[in-house]
Amino acid sequence: MCEPRYFDVRYAINPWMNPEDRVDLSLARDQWHHLVEVYRDHGHTVETVAPAEGLPDMVFAANAALVVDGRVFGSSFHAPERQPEAELYAAWFKEAGYDVHQASAVCEGEGDLVPTGRYVLAGTGFRTQRAAHHEAQEFFGRPVIGLQLVDPRFYHLDTALFLLRETGGEDDATGAGNVAYYPGAFSPGSREVLRRLFPQAVIASEEDALTFGLNSVSDGHHVFIDPRAHGLIDQLADRGYAPVPVDLSEFRKSGGGIKCCTQEIR
């Protein structure tokens, strides 16, 4: 994770961003630190990357890479404003002892790449290019399944879908784990792919998706989720998950939430 020391909305690179909306930096810092504390209270290790002045979106660590089996597929950002982040995150991984492959095509890490059991789901349409899907497949040696995003409000895959459980459980019918998602964010063909892969998926409403309820993090039991996603929280509880509401409302001004702030090192 990366502390929001310089977090702000200075430009608009997605429909949620409006530079005229002032960020309450003190509140943003409090919310971020609370998320860190909640993760640690639930047994997770949190390490931090130093923020850099002039990079207000560096707090969204999920976009920096995809890490699977200790292998780092580093990002190449679409927006010029975010491109310097890639080198800083790559340097952190290298210093920590990881080998880093920097994507050649535009790719925004866990923003658009979600590993689910035997597959990697890969979003495209607004940021990550299809060429990066092929590159990730060659790098990880896992089948990569492309999904077309069609609603600009859900510009990254992690705003429209999140992994509930990687493998196992009664709701894993295909060996692909299970997910929660909002169908309206996807093209008809991609919706059919998701229906076939995840017949027991949790289906979110548009209302809950717009609260960034799908920009959540699950450890297979606890689901760290926006508290305003009431319907989704109820569905998860009914399925036996333990929702852990965490308010990151200040980050929604920049089109981000819990998952955006969280890079998972697998």
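The values are calculated or read from the model by the stated rules, or taken from the named source; none is laboratory data. Just so it is clear, the structure is predicted and the values come from calculations on it, not from any experiment. We place every Cβ from the backbone using ideal geometry, glycine too, and count neighbours over all the protein chains shown. Surface areas here come from the heavy atoms of the whole protein model, side chains and all, with no ligands, DNA or RNA. Shrake-Rupley method; radii C 1.70, N 1.55, O 1.52, S 1.80 Å.
Overview of results
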item	result
Search result, residues across the range 204-255 that are at positive phi and surrounded by fewer than 24 Cβ atoms within 10 Å (Cβ to Cβ)	Gly220, Gly240, Gly255
Unmet criterion (only one of (1) closer than 24 Å to Thr128 by Cα; (2) of a type outside the set (Asp, Glu); (3) more than 19 Å from the chain's Cα centre (by Cα)) for Phe77	(3)
Residue that is least open to solvent (accessible area, probe 1.4 Å), among those in the range 77-95 that are touching a residue at least 40 places away in the same chain (Cβ under 8 Å) and over 21 Å from Ala12 (Cβ atoms)	Tyr89
Residue list for the range 154-182, restricted to those being assigned to a loop (DSSP other than H, G, I, E, B) and either at pLDDT 95 or above or not acidic (Asp, Glu) (or both)	Tyr155, His156, Ala160, Thr167, Gly168, Gly169, Ala173, Thr174, Gly175, Ala176, Gly177, Tyr182
Residue list for the range 55-71, filter: among the small types (Gly, Ala, Ser) and crowded, with 18+ Cβ neighbours inside 10 Å	Ala61, Ala62, Ala64, Ala65
Pick from the range 183-203, criterion among the aliphatic types (A, V, I, L, M) and outside any loop (DSSP other than H, G, I, E, B), ranking: surrounded by the most Cβ atoms within 10 Å (Cβ to Cβ)	Ala185
Pair list, Cβ < 9 Å and 6+ apart or interchain, from the range 133-145 residues that are β-branched (Val, Ile, Thr) to residues that are part of a helix (DSSP H, G or I) and open to solvent by 60 Å² or more (accessible area, probe 1.4 Å)	Val144/His134; Val144/Gln137
Output for the range 1-54, where each listed residue is closer than 26 Å to Val223 by Cα, of a type in the set (Asp, Glu) and open to solvent by less than 70 Å² (accessible area, probe 1.4 Å)	Glu3
Failed item, numbered, when Leu161 is tested on (1) aliphatic (A, V, I, L, M); (2) closer than 30 Å to Ile203 by Cβ; (3) touching a His at 6+ places or on another chain (Cβ under 8 Å)	(3)
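Residues are listed down the side, and each one gets a yes or a no for (1) closer than 22 Å to Val67 by Cα; (2) assigned to a helix (DSSP H, G or I); (3) in contact with a helix residue (DSSP H, G or I) (Cβ under 6 Å, 6 or more places away or on another chain):
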| site | (1), (2), (3) |
| --- | --- |
| Leu232 | no, yes, yes |
| Gly240 | no, no, no |
| Glu250 | no, yes, yes |
| Lys253 | no, yes, no |
| Cys260 | yes, no, yes |
